[in-house]
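Trainee: Let me begin by handing over the structure; questions about it come next.
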Amino acid sequence: MSFINIKKQNSLVIKAGPGALKHITKEGLQAKDISTILGGAGGPKALSLIGLDQAVFSEFLPSSKRKRWLIGSSIGNWRFLCAAKNTPHAAFDHFAKSYVEKEANLRGGTKEVTRITEELLLEILDNDMDKILNNPHYHLAIITTRCRGLLKNTQNKKLLLSGLGIACLLNSFNRSMLRYCVE
C-alpha cells in the first residue's frame, strides 16, 4: 500500500526523471523506495519544514526500515542531526524552539555567531553523537565549504565583500571558476 500518492495539485511540484516518475505514478511514493535525502541550505525558512520533517522522519520513513543517506549542507545538516536522533519528532521541536530563541548579536561578529552556533549544536547533540553516528537507518554526509582568497577575511568586511563580488563575477563566467574562491 502506498503512503503518498501523486495527485495533480498546484501547491506541490514533483520533479523526477522518467523512470522515477513512471514508478511513482504506478506505485505511489513508498518509504522503501527512498535511499537518499538531500537537505540544502535555506536558513530560517527551513523551519517551515519542521512539521513535514516530523511526519517524514517519525512516521513515513520508519514504516520501511533500511539504510538511507542524508546529505546536507547548512541548515539541512541541522535537520538531519534531528532526524538521526532516537526521538526525531521531539528533536525537531527542540531544534525549532532553540533556533528561534537564540538571539545572535550580529554586531558581535563572527565570535558571537560562533558561540551561539556551538551552544545550539551542543543542545541538539545532547550527548547523542555516538547514537547519531551509529544510527542503523541513517548515514549522515555533511557538505561544507572552505573559503579561499579574499573570502577568508571574515574580520574585514570590505575584503569579504570584495571576495563575494569576485566569486559572483567568476560564477557568472563559469561555475568551475569558483574553485579560486572556495574548495
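The values are calculated or read from the model by the stated rules, or taken from the named source; none is laboratory data. A quick note: this is a predicted structure, and the numbers were derived from the prediction, not measured. For neighbour counting, all protein chains shown are included, and Cβ atoms are generated from backbone atoms with ideal geometry for every residue, glycine included.
Trainee: Could you please let me know if Ser58 is loosely packed, with under 13 Cβ neighbours inside 10 Å and farther than 26 Å from Lys157 by Cβ?
Mentor: no
Trainee: Under 8 Å between Cβ atoms, which residue pairs at least 6 apart in sequence (or on different chains) link something in segment 34-55 that is among the charged types (D, E, K, R) and surrounded by 12 or more Cβ atoms within 10 Å (Cβ to Cβ) with a partner that is part of a helix (DSSP H, G or I) and modelled with pLDDT of 90 or more?
Mentor: Listed pairs, sorted by first residue: Asp53/Arg79; Asp53/Cys82; Asp53/Ala83; Asp53/Pro88; Asp53/Phe92.
Trainee: Here is a further query. Of the residues that sit in segment 11-32 and are assigned to a loop (DSSP other than H, G, I, E, B) and surrounded by 10 or more Cβ atoms within 10 Å (Cβ to Cβ), which one is modelled with the lowest pLDDT?
Mentor: Ile14
Trainee: Next up: I'd like to verify a number: residues in segment 39-56 that are closer than 23 Å to Thr87 by Cβ and outside any helix (DSSP H, G or I), how many?
Mentor: 1
Trainee: Kindly check whether there is at least one residue in segment 39-49 that is at pLDDT below 90, among the polar types (S, T, N, Q) and out of contact with any Cys (no Cβ under 8 Å at 6 or more places or on another chain).
Mentor: yes
Trainee: Which of the residues that make up segment 96-108 are part of a helix (DSSP H, G or I) and free of Cβ contacts under 8 Å to residues at least 24 places away in the same chain?
Mentor: Scanning segment 96-108 gives Lys97, Glu101, Leu106, Arg107, Gly108.
Trainee: What's the total number of residues in segment 85-94 that are over 11 Å from Asp53 (Cα atoms) and crowded, with 22+ Cβ neighbours inside 10 Å?
Mentor: Summing the residues that are over 11 Å from Asp53 (Cα atoms) and crowded, with 22+ Cβ neighbours inside 10 Å in segment 85-94 gives 1.
Trainee: Shifting gears a bit: Among the residues of segment 109-134 satisfying the criterion of being assigned to a loop (DSSP other than H, G, I, E, B) and in contact with a helix residue (DSSP H, G or I) (Cβ under 9 Å, 6 or more places away or on another chain), which is nearest to Lys157 (Cα to Cα)?
Mentor: Among residues in segment 109-134 that are assigned to a loop (DSSP other than H, G, I, E, B) and in contact with a helix residue (DSSP H, G or I) (Cβ under 9 Å, 6 or more places away or on another chain), the one nearest to Lys157 (Cα to Cα) is Asp126.
Trainee: If you go through segment 63-95, how many residues are in contact (Cβ under 8 Å) with a residue 60 or more places away in the chain, assigned to a helix (DSSP H, G or I) and over 14 Å from Leu140 (Cα atoms)?
Mentor: Going through segment 63-95 one residue at a time, the tally reaches 1.
Trainee: Then there is this: Scan segment 89-108 and give yes if some residue there is at pLDDT 90 or above, in contact with a strand residue (DSSP E or B) (Cβ under 6 Å, 6 or more places away or on another chain) and more than 29 Å from Asn153 (Cα to Cα), otherwise no.
Mentor: The answer is no, given that none of the residues of segment 89-108 is at pLDDT 90 or above, in contact with a strand residue (DSSP E or B) (Cβ under 6 Å, 6 or more places away or on another chain) and more than 29 Å from Asn153 (Cα to Cα).
Trainee: Do we have any residue at all in segment 128-142 that's over 19 Å from Phe95 (Cα atoms) and without any contact (Cβ under 8 Å) to a residue 24 or more places away in the chain?
Mentor: yes
Trainee: Which one is nearest to Phe80 (Cα to Cα), of the residues in segment 123-151 that are exposed (fewer than 15 other Cβ atoms within 10 Å of the Cβ) and among the hydroxyl-bearing types (Ser, Thr, Tyr)?
Mentor: Taking the candidates together, the pick is Thr144.
Trainee: Name every residue in segment 152-183 that is surrounded by 15 or more Cβ atoms within 10 Å (Cβ to Cβ), free of Cβ contacts under 8 Å to residues at least 24 places away in the same chain and in a loop (DSSP other than H, G, I, E, B), in order of residue number.
Mentor: Selection gives Asn153 alone.
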